[in-house]
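The values are calculated or read from the model by the stated rules, or taken from the named source; none is laboratory data. These numbers were taken from a predicted model, which means no experiment stands behind them. We place every Cβ from the backbone using ideal geometry, glycine too, and count neighbours over all the protein chains shown. The protein model used for the area step is the full one, side chains on, heavy atoms only, and it has no ligands, DNA or RNA in it. Shrake-Rupley method; radii C 1.70, N 1.55, O 1.52, S 1.80 Å.
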Amino acid sequence: MAVIHDMMPAFELFQPASLDDALGLLDRHGADAWVMAGGLDSFDWLKDRIRKPAVVVELGAIDGLRGVKAAGDGIEIGAMTTLTEVVTNPLVREKFGVLFQGAEAAASPQIRNQGTIGGNLSQDARCWYYRAGWSCYRAGGNVCYADTPTAVNREHAIFGADRCVAVNPSDTAPAMIALDAKMVIRSSKGERIVDAQDYFVGPGTDITRLTTLQPGELLTAIRIPGTWAGAEFYTEKVADRKVWDFPLVNIASAMKVNGSTIERARIVVNAVAAQPMRLEAVEQFVAGKPRNEETANAAGELAVRGAVPLAHNAYKIPLMRNLVKRAIRGGDNGWASTS
Amino acid sequence: MGIDFLTRGITPWGQSVFTHISWDLLWVSFFAGVVFLAAHSVYMLLSAHSKRASADVDALEAKLKGLPEKIQRHSLPARMFHWIMAASMLTLLFTSFLPIVGVKFAWVEWHWMAGLVLAASILYHIIHATFFMDFWSIWVGPKDIPELKSEMMRELGGDTSGPKAAKYPLGNRLYHMAIVVTGIGASATGLFMMKKVQTPFFTRDPYILADATWSWMYVAHGAAGVALVGLTMAHIYFAIRPEKLWLTKSMLFGFITRRQYLEHHDPTRWRVPGSEPVGGRPSE
Ligand SMILES: Cc1cc2nc3c(=O)[nH]c(=O)nc-3n(C[C@H](O)[C@H](O)[C@H](O)COP(=O)(O)OP(=O)(O)OC[C@H]3O[C@@H](n4cnc5c(N)ncnc54)[C@H](O)[C@@H]3O)c2cc1C
Ligand code: HEM
Ligand code: SF4
């Protein structure tokens, strides 16, 4: 394990008060700059002295990046909105319960008070070989320590492995994809808006990043359209502990149901690949089908088709299969709201 | 801003090892290729390059009556090898370097599949060339000094009486040499590197070699790969130059014409059926 020094390497700290200033700083310092939101992921890297950025741009003073507001029939959430604010926001609770539950499932109350939605969506992989500071593929090296005959890879990927087998650990990401959210990305060159689904990238495309964000870019807001507002939602997270623990597998789904027929659905599973996985084949399969045990079983089977387990994570296959079944069945997910 | 040649990493045992060559070197190879191309084009515009004079060719043609109209230069298997190798080489170059210059896609699977094709075709070529072709016709050695000298003289527009090329002109053979070193270097290391990535053939295991050995393997693979960028650029440039098109065509159709044979080659050094004069050997 990396030695925790609790003493960060020196860097120049900037706390811009406006978005333009922040973008200007990021433009000027390029790959030397580190974006800091709530710091819960950032401080890990800095205190372990694994990342040594010359410059840290802390976003806490930019008011415009905070808060949840109505936008048409949907909502817009500033990237610096804390997870607690997301969980307690009445609009989120009323219209987009799947996000409320996803955000509430993340970490612990203290971490949610400090951690931001932008940071949660942009957080890095938790693979502990990588976090230990070793020069694996994800760190720019030429080896994966997690997929060897002797590796410990219980938490790792069953899909989409391409040299790296780390997974995306976010609890809010699947909800954002299920809700077809749009990620607003700004840089000094302008704005681009990407579907939540395309915000996340796999190791084949970029082995050193989990998101499409490039140096100089900031996630400024997440726009959730009204398309799925008030739909039937399902969220479930399986972790080793009930709080303060990352998902082993989690699921978020949004479903429009007419009587006992599923009209359409969006179903997303995370922590099984480097990108949250939208199960499009399952979505197509269940559309127009009766919502019953048979559909749920078949959907579960379909979901895990093509999974490739590593030495210690084959349990994720039945786990994912069952979570998909349960999402199709709906009902109580066993997740007790703490609010 | 300086250029870094190698990037480093730390192993779990605290050793510092090389992880890759610096991809700045890709640009070095690319620009070296561009500069070479530009310099060569200018030079070609300004210099003489006489082939064998047309009167001499007429005389030779009259003497070597047995020469057929078309002379086979590359057999079908040799041509197939060449084009399979070319396709796999281009695939390897594009799959490895496009992502490095910013065109991101899942490249590794395409890369190693093309790598296997290249490695198999090289193996085939070695066997074929050793047993079924004139193995030594492609190599370079001290015996080539007279040819080098006369080629230089010719380039400068001077004396053309020295030896002309045997089957392969000297430039071709020097190029082949560079390709042997880099191509075999990239293929041999690439085959080992397959143990690092997901393939259907075996379990990944980085521990078959020490970290330091891997580090040199990645450096060698990258360096050979980068060198192949410049070499391939030069190769394609020559293949499409107007005065070399006859050679490119021969790689497509297999033959050259009698006059091309006599213009560019020495019938005593590249013997083909009919290259001996009727009634005796040509004077050497
Ligand atoms: C003990 C512990 C347990 C946890 N458990 C869970 C869990 O169960 N589920 C879960 O989902 N998460 C969990 N987390 C993760 C935590 O929720 C995230 O680390 C946190 O939300 C990150 O957000 P942050 O605001 O602190 O971001 P930071 O740590 O400051 O940033 C995280 C990363 O995102 C980048 N970034 C942040 N904001 C932006 C932006 N606006 N634009 C561009 N880049 C940005 C930063 O550069 C950095 O790379 C846990 C964390 C800890 C420490
Ligand atoms: C001859 C042309 C070739 C070129 C130009 C080339 C180029 C490259 C480059 C630039 C890389 C990235 C290396 C790094 O990350 O340091 C790479 C990786 C790789 N190459 Fe090649 N290569 C060639 C041939 C081959 C062959 C013949 C094979 C296999 C049979 C092969 C297999 C691989 C593999 C498996 C990797 C991935 C290694 C990893 O990321 O760990 N390559 N190649
Ligand atoms: S799984 Fe990815 S992050 Fe973990 S050691 Fe392998 S390459 Fe590194």
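Just need the relative contact order of chain B here, percent rounded to a whole number, with Cα pairs under 8 Å and 6+ apart.
Details: 306 pairs, mean separation 93.6, N = 284.
With pairs under 8 Å counted, the relative contact order is 33 percent.
Express the carbon and sulfur contribution to the solvent-accessible surface of the range A:183-313 as a percent, rounded to the nearest whole number, probe 1.4 angstrom. Don't skip to the end; give the middle numbers.
Working: 2650 of 5440 Å².
Reported share for carbon and sulfur atoms: 49 percent.
Mind ranking B:33-41, A:182-190 by how tightly packed they are, going by the mean number of other C-beta atoms within 10 angstrom, highest first?
Answer by packing, highest mean first, reads A:182-190, B:33-41.
Using the beta-carbon distance between residue A:7 and residue A:28 and R0 = 30 Å, what value does 1/(1 + (r/R0)^6) give for FRET efficiency, to the nearest 0.05?
0.65
Return the distance in nm (one decimal) between the two label points of a simple spin-label model at residue A:297 and residue A:132, each offset 7 Å from Cα along Cα→Cβ.
4.4
So, by mean Cβ neighbours within 10 angstrom, what's the order for A:109-122, A:38-51 with the highest one leading?
A:109-122, A:38-51
With unit charges on the beta carbons (Lys and Arg positive, Asp and Glu negative) and the dipole taken about the Cα centre of the range B:1-136, which residue among B:121, B:53, B:99 sits farthest to the positive side?
Positive-end residue among those listed: B:53.
Give the lysines whose C-alpha is closer than 25 Å to that of residue B:104, dropping any in the same chain fewer than 8 places away, or say none.
Here the lysines satisfying the reach criterion relative to residue B:104 are A:182, A:189, B:195, B:196.
Tell me, in nm to one decimal, what length is gained between residue A:66 and residue A:43 on full extension, where the rule is 0.36 nm per residue of separation less the Cα-Cα distance? Display every interim value, and only then the final one.
Numbers: separation 23, 0.36 × 23 = 8.28 nm, distance 2.10 nm.
That pair, residue A:66 and residue A:43, stretches by 6.2 nm at full extension.
Counting Lys and Arg as +1 and Asp and Glu as -1, each charge on the Cβ, what is the dipole of the protein assembly as shown about the Cα centre in debye, to the nearest 20?
Here the protein assembly as shown has a charge dipole of around 1540 debye.
Once A and B are treated as a pair rather than alone, how much accessible area drops out, both sides summed, in Å² to 100, probe 1.4 Å?
Approximately 1700 Å², summed over both chains.
How big is the protein assembly as shown in terms of Cα radius of gyration and Dmax, in angstroms?
31.9, 108
For the range A:12-61, which whole percent of the accessible surface, found with a 1.4 angstrom probe, sits on carbon and sulfur atoms?
Ligands and nucleic acids excluded, carbon and sulfur reach 47 percent.
Pairs of alpha-carbon atoms within less than 8 angstrom and 6+ residues apart define the contacts here; what relative contact order does chain A have, in percent?
This gives 17 percent for chain A.
How about the range B:173-207: which chymotrypsin sites (Phe, Trp or Tyr not before Pro) there are in a DSSP loop, with at most 16 other Cβ atoms within 10 Å of their Cβ?
Passing both the DSSP loop test and the Cβ count: B:201, B:202.
Dividing the convex hull volume of the alpha carbon atoms of the range B:15-133 by its residue count, what do you get in Å³ per residue?
Taking the convex hull of the Cα positions in the range B:15-133, it is 217 Å³ per residue.
At a cut-off of 40 Å², which residues of the range A:149-165 become less accessible once all protein chains are present than in their chain alone, using a 1.4 Å probe?
Listed by number, the residues meeting the 40 Å² cut-off are A:149, A:163.
Which residues of the range B:200-234 show a drop of at least 10 Å² in accessible area when all protein chains are present, compared with their chain alone (probe radius 1.4 Å, heavy atoms only, ligands and nucleic acids excluded)?
Those residues are B:203, B:204, B:205, B:206, B:207, B:211, B:218.
Between the range A:270-320 and the range A:131-184, what's the alpha-carbon centroid distance in Å?
18
Name the residue farthest towards the positive end of the dipole of the protein assembly as shown from the options A:215, B:81, B:111, assuming +1 on Cβ of Lys and Arg, -1 on Cβ of Asp and Glu, about the Cα centre.
The residue sitting farthest along the positive end of the dipole is B:81.
Relative contact order of the range A:233-330: what whole-number percent is it, with Cα pairs under 8 angstrom and at least 6 residues apart?
Values: 166 pairs, mean separation 23.6, N = 98.
Relative contact order here is 24 percent.
When the helices in chain B are scored as -39500 (n - 2.57) per DSSP H run of 4 or longer and the sum is shared across all residues, what 222 nm value do you end up with, to the nearest 500 deg cm²/dmol?
Taken over chain B, the calculation gives -19500 deg cm²/dmol.
How much accessible area per residue does chain B have, in Å², with a 1.4 Å probe?
On the way: 15510 Å² over 284 residues.
Averaged over the residues of chain B, the accessible area is 55 Å².
Could you point to the residue in B:214, A:151, A:42 farthest towards the positive end of the protein assembly as shown's charge dipole, with +1 and -1 charges on the Cβ of Lys/Arg and Asp/Glu respectively?
After comparing all options, I get B:214.
I need the fraction of alpha carbon pairs in the range A:233-330 separated by more than 16 Å, rounded to a whole percent.
I get 53 percent for the Cα pairs in the range A:233-330 exceeding 16 Å.
Compute the FRET efficiency between residue B:44 and residue B:213 as 1/(1 + (r/R0)^6), taking r as their Cβ-Cβ distance and R0 = 41 Å, and round to the nearest 0.05.
Calculated transfer efficiency: 0.40.
Counting heavy atoms of the protein chains only and a 1.4 Å probe, report the per residue accessible area for the range A:12-61 as a whole number of Å².
Counting only protein heavy atoms, the per-residue value for the range A:12-61 is 47 Å².
Taking the Cα-to-Cβ direction at residue B:94 and at residue A:20 and moving 7 Å from each Cα, how far apart do the two end points lie in nm?
That separation, rounded to one decimal, is 4.4 nm.
Tell me the mean residue ellipticity at 222 nm calculated for chain A from its helices only (DSSP H runs of n ≥ 4, each -39500 (n - 2.57), averaged over every residue, nearest 500). Walk me through the numbers on the way to the answer.
Numbers: 13 runs with 96 residues, N = 339.
Estimated from H runs of four or more residues: -7500 deg cm²/dmol.
Within the range A:230-313, list the trypsin sites (Lys or Arg not before Pro) lying in a DSSP loop whose Cβ has at most 13 other Cβ atoms in a 10 Å radius.
Loop-located and lightly packed - A:241, A:242, A:305.
Could you work out the mean count of beta carbons from other protein chains within 10 Å of each residue's beta carbon in B:106-112?
2
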